[in-house]
Amino acid sequence: MASMAQAIRMALHYGEKHLDVKDIFGEDVGAPLGGVFTCTQGLETTWNTPLDERGIIGCAMGVALTGDRCVAEIQFCDYIFNTIDLLKLVGNTYWSTNGLFNLPLVIMTPVGAGIHGSIYHSHSFDAIATRLPGFKVVMPSNAKDAYGLLLAAIKDPNPVLYLKPKALMRVKGKELLAGEPESDRELKAMIDAPVGDRSKWKANWPELEDESVELGKAKTVIEGDQVTVVTYGRHVLECEVAIKEVQSQGVSVELIDLRTLYPYDWPCIQKSIEKTGRVIFVNEDTEVTNFAEHLVYRTTQELFYHLLARPRVLAGKNLPGIGLSPALEYASVPMKADIVNEILDVVKELP
Amino acid sequence: MSKSKSTLPLEKAKLLEIHDLMVKARVLEERLITIYKSGDAFFWIGGPGEEALGVPLGLLAKRGQGHNYDYLHLHYRCSHILTSYGLEAKNVFRQMMNKKTDPFTGGRNFSNHYAIPEWNVVPVTSTIETQYLTAIGTAHAQKREKAKGITIVTGGDAGTAEGDFASSLVWASRKGAELPLLIIVQNNKWGISTNYEGQHGEVNIADRGKGFNMKTMVVNGNDPVESYIALEKAMAYVRKHQKPLILEAHVSRLYGHSSADGANLRKDEEDCLVTFEDQLQQWGLISEDECKELRLNYEKETRMAMEEVRGEDGPEANTIWDHVYADNENADWRNF
Ligand SMILES: Cc1ncc(C[n+]2csc(CCOP(=O)(O)OP(=O)(O)O)c2C)c(N)n1
């Protein structure tokens, strides 16, 4: 089964071949490396930019202003912060011009902790991303969605921020993509660049299909009726493990993978909370002015009388950084035990 | 006594065309200032005094849509460039008075913030210097498509202190990946209230291009003839060699920074129009009376245009959600 990095690579290939993607660029995105997480190996339209994040976003804007489609990468979201005003411009160009210039571009960037990345390879970006009106924001939790969301992002006429949970880059999917060979070794031989000299290597792409995942549509990963857990990215996996544990104690949990953070799938969340009466929103960005707080706000405004317990946000501690030592990292972001505790706590709470 | 045809620096018709457009552009800006002062607009910013550079630029650039035409990444002092392109005064006033008929932003943005897809005029933004970044992208796309168009970017002198200006130098000059990018600096020697010496150690801003193996030019942007000849050469070079060039033009800031500092005529700045009219009269190409008449005609025209659009409606409040997303997809979270 393809890893998330391989799935992203295949989606970009599909984009080049069928969706008119003209440029894929960023720091170390082109040959020979093909990206620090190998997401851009073997592609036709990749190129290395100068080490200049503002230049990368500005270039993507310019390409999109000509109507050409491109995918730009910021190597780690930890280094996207000096482009915030440009991201504001990307988000407001269509609106400011009253519909004259849309920017069909995708910006992808690895986010989150989970790889012992220390202070500058562990930042999250979802809270800020959802404060950039005009953007759509997605974050996959598995290889198949990574593929499908990227195709949808490329096709979308709006700017899309594609957040890659970096801890999941090497995690293999559980479902084959249409056209993907069944054997991992075969896929690797086809699309992974060889170690050593790559100058003559060319990828041998499988015949892939358009398996887009519609933007704005969440997925109910586990059905349950006592409490709803809404999350995305690597915390879908973290929550799955936690939910298995509480299931053995007889607690029934519904797990929703949001997939698109904005515009988010409220009907899916709403239906679930109406059923369970309890909800926990889980993510690893810092907890103060966290995106989940907006979802809690909406929950209290619209679903107050369905609630059996206080809606919760379980997010990263409001710290300046994530320390390298595992003890520090694990105390900073929601871990399995935190999720288990929160679930058990919320089901105990009675109105 | 009229100068013989052969010694004129440009064709007579071209000189008169430049003059005509300079007057037209100046009158347009002066009308904008009047609109501001009479309380019909919230804010004015524009480019009176910089016409001797802008008008030739607009005459020489290749107007049209798509990669084969020139992309213009402008700042807020470029109505003169677009006057040469055929900009309609009425539309400028519509934007100035934030009418819903404002064809560039629908009443959403300040004056002189143009966005004209048919002419490759990409949206003017208030963020200083970011246009030097977006220019990289259109120039890259043109190079990729082996297109006939080039990208032209312009901005003020103070803004060149932003890293975005340096970005344009770096990205445009990479060996084997040089960009067809004409980088212009309209050096009016001011950044709001901070003077040139207060922000620059370099003698010429254009000199920074030398470190990047770029061709550079410094011109008297108050002289439309010198500007025209230099710009013609610069554009030809960029078009032919598909390489960047940086051109710095010394210009005047004739009415201050914006309405925020009064928008009053500064007598201590050279007025390029006065200088050019003296020159044209010396050459015997136009009389003082003809100059006056030309100005009066444009003043009348702009007054009528202004009066025509003054009564037009502003945008309706319920349109705030329009065009957040393409195809007017719902963007109000209350309705997700
Ligand atoms: C990034 C940014 N910083 C500050 C401002 C506020 N501001 C508007 S114009 C200006 C001065 C610009 O000077 P210069 O680049 O020389 O252009 P000029 O206005 O003189 O033509 C400043 C500081 C801004 N619009 N954008």
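Quick check, is B:K5 basic (K, R) and modelled with pLDDT of 95 or more? So B:K5 does not fit the description; no.
Note on segment A:9-21: residues that are more than 14 Å from chain B (Cβ to nearest Cβ) and either assigned to a loop (DSSP other than H, G, I, E, B) or at positive phi (or both) amount to 1.
So which of B:T101, B:T125, B:T138 ends up being touching a residue at least 40 places away in the same chain (Cβ under 8 Å) and either closer than 16 Å to B:Q186 by Cβ or surrounded by 24 or more Cβ atoms within 10 Å (Cβ to Cβ) (or both)? Matching residue, one of B:T101, B:T125, B:T138: B:T138.
If you go through segment A:57-79 and keep only what is crowded, with 24+ Cβ neighbours inside 10 Å and at the interface with another protein chain (Cβ under 9 Å from one of its Cβ atoms), you end up with A:I57, A:G58, A:C59, A:A60, A:M61, A:G62, A:V63, A:A64, A:L65, A:T66, A:C70. Apart from one condition, B:H323 fits all of (1) within 16 Å of the ligand (Cβ to nearest atom); (2) crowded, with 20+ Cβ neighbours inside 10 Å; (3) not small (G, A, S); the exception is (1).
Looking only at residues in segment B:112-133 that are touching a helix residue (DSSP H, G or I) at 6+ places or on another chain (Cβ under 7 Å) and assigned to a helix (DSSP H, G or I), the one that is farthest from the other protein chains (Cβ to nearest Cβ) is B:W119.
Number of residues in segment B:265-285 that are more than 16 Å from the ligand (Cβ to nearest atom) and farther than 19 Å from B:H80 by Cβ equals 7. Say we look at segment A:22-46 and pick out the residues that are touching a residue at least 40 places away in the same chain (Cβ under 8 Å) and in a strand (DSSP E or B); which of these is surrounded by the fewest Cβ atoms within 10 Å (Cβ to Cβ)? Step by step, filter segment A:22-46, then rank; the result is A:K22.
Of all residues in segment B:76-95, those satisfying the criterion of being more than 14 Å from chain A (Cβ to nearest Cβ) and farther than 21 Å from B:I128 by Cβ are B:T83, B:S84, B:Y85, B:G86, B:L87, B:E88, B:A89, B:K90, B:V92, B:F93. In segment A:309-323, the qualifying residues are those that are farther than 15 Å from A:E342 by Cβ and not small (G, A, S), and the one that is nearest to the chain's Cα centre (by Cα) is A:I322. The residues of segment A:129-151 that are outside any strand (DSSP E or B), in contact with a strand residue (DSSP E or B) (Cβ under 8 Å, 6 or more places away or on another chain) and within 14 Å of another protein chain (Cβ to nearest Cβ), listed by number, are A:T130, A:L132, A:F135. Every condition in (1) modelled with pLDDT under 95; (2) under 16 Å from the mean Cα position of the chain (by Cα) is met by B:G198 except one, and the failing one is (2).
The number of residues in segment B:267-291 that are surrounded by 14 or more Cβ atoms within 10 Å (Cβ to Cβ) and assigned to a loop (DSSP other than H, G, I, E, B) comes to 6.
For segment B:302-336, a residue qualifies if it is within 14 Å of chain A (Cβ to nearest Cβ), outside any loop (DSSP other than H, G, I, E, B) and at pLDDT 95 or above, and the qualifying residues are B:T319, B:A326, B:W333, B:R334, B:N335.
Checking B:T130, B:T125 one by one, the residue that is under 23 Å from B:G201 (Cα atoms) and β-branched (V, I, T) is B:T130 and no other.
Among all positions in segment A:171-178, there is no residue which is away from the ligand (no atom under 16 Å from the Cβ), within 14 Å of chain B (Cβ to nearest Cβ) and either of a type in the set (D, E) or over 23 Å from A:G34 (Cβ atoms) (or both). Condition first: more than 13 Å from every other protein chain (Cβ to nearest Cβ) and in contact with a Leu (Cβ under 9 Å, 6 or more places away or on another chain). Can you find one or more residues in segment B:100-111 that meet it? Yes, because at least one residue in segment B:100-111 is more than 13 Å from every other protein chain (Cβ to nearest Cβ) and in contact with a Leu (Cβ under 9 Å, 6 or more places away or on another chain). Residues considered: B:V309, B:V324. Of these, the only one that is within 30 Å of A:Y264 (Cβ to Cβ) and in contact with a helix residue (DSSP H, G or I) (Cβ under 7 Å, 6 or more places away or on another chain) is B:V324.
Can you pull out every residue in segment B:71-98 that is within 16 Å of the ligand (Cβ to nearest atom), more than 20 Å from B:I150 (Cα to Cα) and either in contact with a strand residue (DSSP E or B) (Cβ under 6 Å, 6 or more places away or on another chain) or free of Cβ contacts under 8 Å to residues at least 40 places away in the same chain (or both)? Correct list: empty.
The values are calculated or read from the model by the stated rules, or taken from the named source; none is laboratory data. Just so we're clear, the structure is a prediction, and the values are computed from it rather than from any experiment. So basically every Cβ, Gly included, is an ideal-geometry build from the backbone, and we count neighbours across all protein chains shown.
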